[in-house]
Amino acid sequence: MKPLSYITEKFTESVIREMTRICDAVGGFNLSQGFPDFEAPQEIKDAAVQAILNDCNQYPVTFGEPKLRKAIARKVAGYNKIKCNSETDITVTCGATEAMIATLKAVVNPGDEIIIFEPFYENYGPDVILSGAKPRYVTLYPPNWDYSCEELAAAFNNNTKAIIINTPNNPTGKVFSRKELEEIVSLCLKWDSLAITDEVYEHILYDGEEHISIASLDGMANRVVTISSISKTYSLTGWRIGWAIAHEKITSRIRKVHDFLTVGAPTPFQEAAAFALNMPESYYESLRLRYNLSRDYLFDLLSQVGFKPYLPKGAYYIMTQTEELMEKLSVHDDFAFSKKLIELTGVATVPGTSFYANSNKGAKQVRFCFCKKEETLENVKKGLRRLVKD
Ligand code: GLN
C-alpha cells in the first residue's frame, strides 16, 4: 500500500476521549472528558423533540438556520458586546470543534504561524497541523497561569497569521483580563494578525470574574473569529451545535470549508439551540452557582488527599500537581499515574502531557473535571479517600 497521509502521522487520537473509553470499560467515575452527567434543561429538550415532530428533519441552510443565526446575533450583542450581521457574519457548525478547524483551514497559508498558549486544549495541536500551519507556543505559568509579556511579544512576527485564545481557559481555568486582551490586541494590530477565540466556557465564571470577548475591543472588529457553542452553557455536548462569528470576508471562507466538511449541523438541534439562547438570566446564574459549589468541593477534596490543585477562575476543570502522590504510588509519569488512579480509586483524569507540546512540562500534572452530579462527586470522594488510607 502506498503511504497514507504523512500529516496524520504527526498527531495521536484525542487522549481526553480515550480516557472516557478506558473509564467506561472499568465502570469508573469519569472526571476526564469534560461533559456533564446530569440532565440537560427540560425545556430545551422539549424544544428539540417538538422540532423533530414538526419535521425540521432535512438539511439545514448550510451555514445555519436563519432563526438560530438571529438568536446568536442577539445574544452576542448583549452578553459579548459584539455587533454582527446574522446574514453575513455567522457560520453555524458542528460544535466549536468544527468551527476551530474550519476557521484554520479557511485562513492558513503554507508558512503561516499560529500562536497557542500552553497548556492548551488538546484539539488545537492537531487543528493547526491539519491546517498546514506551524504552531508557536507561549507558556502560561502557574499558579495564576500568567504569561510573560516579553515571551508573547517575541512569539509574534511577520508570519503570525493568528493567535488562539481560549477564555475561560481549558485546562487551567484562567480568565484573560482586559489588560491582557488589550496587550494581545496591540500585538495583533502591530503584526497584522488575527485572533481566533474559543469562548465555549463564557458563562462559567467564579469569584466575580468577567468574561470579555476580544472582538468587543477597539480595532478588532475585522480581525477576530469568535467561536462558541451550546455544549457547555446548556449541558448539551452531544448535540454538536457551535458557531464562528467573523467579518464577512473571513466568514465567506469559513462557510466554504464548513459546507464541504459537514454540509450543516443537525436541523432540529439548531431549532432548539435558538430556543436555548433565549433562556432567562436566572438560568445562567444557577449554572454558575452549581459549578461554583462543585469547584469548591473538588478543590478541597483534592487538597485533602495529597494533590496540589490550582484554583480555576472559570470553566469546569482543575489542573493539579501530582508530584508527591506519584512518589507515594511509585509511578513516574502522568499516564502511569492516571492508570494507577483509576485502578486504586475508580476516578478517571486526563494526563497532563495531553495539554502540552513539550511533554516534559505536563508529566507531573493531571486534569480533573467537575461538571458532575453531587452524587458522582460524593462517590469520587469515597474513591479518592483511599489514597490517604494506604
Ligand atoms: N472540551 C472537553 C474536554 O476538554 C472535551 C470536548 C470534546 O471531547 N469534544 O474535556
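Computed from the coordinates by the stated procedures, all read-outs in this text should not be read as laboratory data. Note that the structure is predicted; figures quoted are calculated from it, not measured. Reconstructed Cβ throughout: ideal geometry from the backbone, glycine too, with neighbour counts over all protein chains shown.
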Sequence of Leu152, Leu384 once ranked by neighbouring C-beta atoms within 10 Å, starting from the fewest: Leu152, Leu384
Asn57-Thr88 FRET efficiency (beta carbon distance; Förster radius 30 Å; 0.05 resolution): 0.65
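Report, in debye and to the nearest 20, how large the dipole of the stretch 142-234 comes out about its Cα centre when Lys and Arg carry +1 and Asp and Glu carry -1 on their Cβ.
280
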14 Å tail of the calculated P(r), the stretch 173-257, as % of Cα pairs: 67
Alpha-carbon centroid distance for the pair the stretch 157-220 / the stretch 315-364, whole angstrom: 28
Of His332, His203, His211, the one that fluctuates the most in a GNM where the chain has Cα springs shorter than 10 Å: His332
The stretch 249-307-the stretch 66-133 distance, computed between alpha-carbon centres (Å): 14
Separation of the Lys70 and Asp46 label points, Cα + 7 Å toward Cβ, nm: 2.2
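Using Cα pairs under 8 angstrom and six or more residues apart, how large is the relative contact order of the stretch 86-215, in percent?
On the way: 175 pairs, mean separation 29.2, N = 130.
Relative contact order, the stretch 86-215: 22 percent.
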The stretch 264-309: radius of gyration over Cα atoms, expressed as a fraction of 2.2 N^0.38 Å: 1.83
Cross-link pairs Lys308/Lys328; Lys75/Lys105; Lys308/Lys381 - those with Cα-Cα distance over 19 Å: Lys75/Lys105
Binned Cα-Cα distance frequencies in the stretch 1-143 - 10 Å width, integer %: 8, 23, 32, 28, 8, 0
Neighbour-limited loop hits for GluC sites (Glu not before Pro), the stretch 1-68 (at most 10 other Cβ within 10 Å; DSSP other than H, G, I, E, B): Glu13, Glu39
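Eigenvalues of the Cα gyration tensor times 5, then square-rooted: what semi-axes does that give for the stretch 273-354, in whole angstrom, largest first? Spell out each step's value before the answer.
On the way: eigenvalues 212, 39, 21 Å².
Semi-axis lengths for the stretch 273-354 are 33, 14, 10 Å.
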Length added when fully stretched, Ala336-Val388, from 0.36 nm per residue minus Cα-Cα: 16.8 nm
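Could you work out the relative contact order of the stretch 221-315, using alpha carbon pairs under 8 angstrom and six or more residues apart, expressed as a whole percent?
Relative contact order comes out at 20 percent.
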Base-10 log of normalised Debye intensity for the stretch 21-95 (one unit scatterer per alpha-carbon) at q = 0.22 Å⁻¹: -1.05
Max mean-square fluctuation residue, GNM over the chain, Cα-Cα springs under 10 Å, options Arg136, Arg288, Arg21: Arg21
Charge dipole magnitude, Cβ of K and R +1, D and E -1 - the stretch 216-308, Cα centre, debye nearest 20: 380
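Roughly how large, in nm² to one decimal, is the mean projection of the convex hull of the alpha-carbon atoms in the chain?
19.8
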FRET efficiency, Tyr79 to Lys328 (Cβ-Cβ, R0 45 Å, nearest 0.05): 0.50
Phi-based couplings in Hz for the stretch 316-332 (Karplus 6.51, -1.76, 1.60; Gly and Pro marked x): 10, 10, 10, 8, 9, 8, 10, 3, 5, 5, 5, 5, 4, 8, 6, 10, 10
Listed residues Leu53, Leu194, Leu31, most fluctuating in the chain (Gaussian network, C-alpha, under 10 Å): Leu53
Reciprocal mean inverse distance between Cα atoms of the stretch 206-248 - Kirkwood radius, Å: 12.2
Gain in span if fully extended, Phe38 to Asn158, counting 0.36 nm per residue against the direct Cα distance: 38.5 nm
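What is the chain's relative contact order, in percent, from Cα pairs under 8 angstrom and six or more apart in sequence?
Worked out over the chain, it gives 24 percent.
Please work out the Cα convex hull volume for the stretch 286-326 and give it in Å³ per residue. Intermediate results must be reported in sequence, preceding the final value.
Numbers: hull volume 2.1 nm³, N = 41.
In the stretch 286-326, the Cα hull volume divided by residue count equals 50 Å³.
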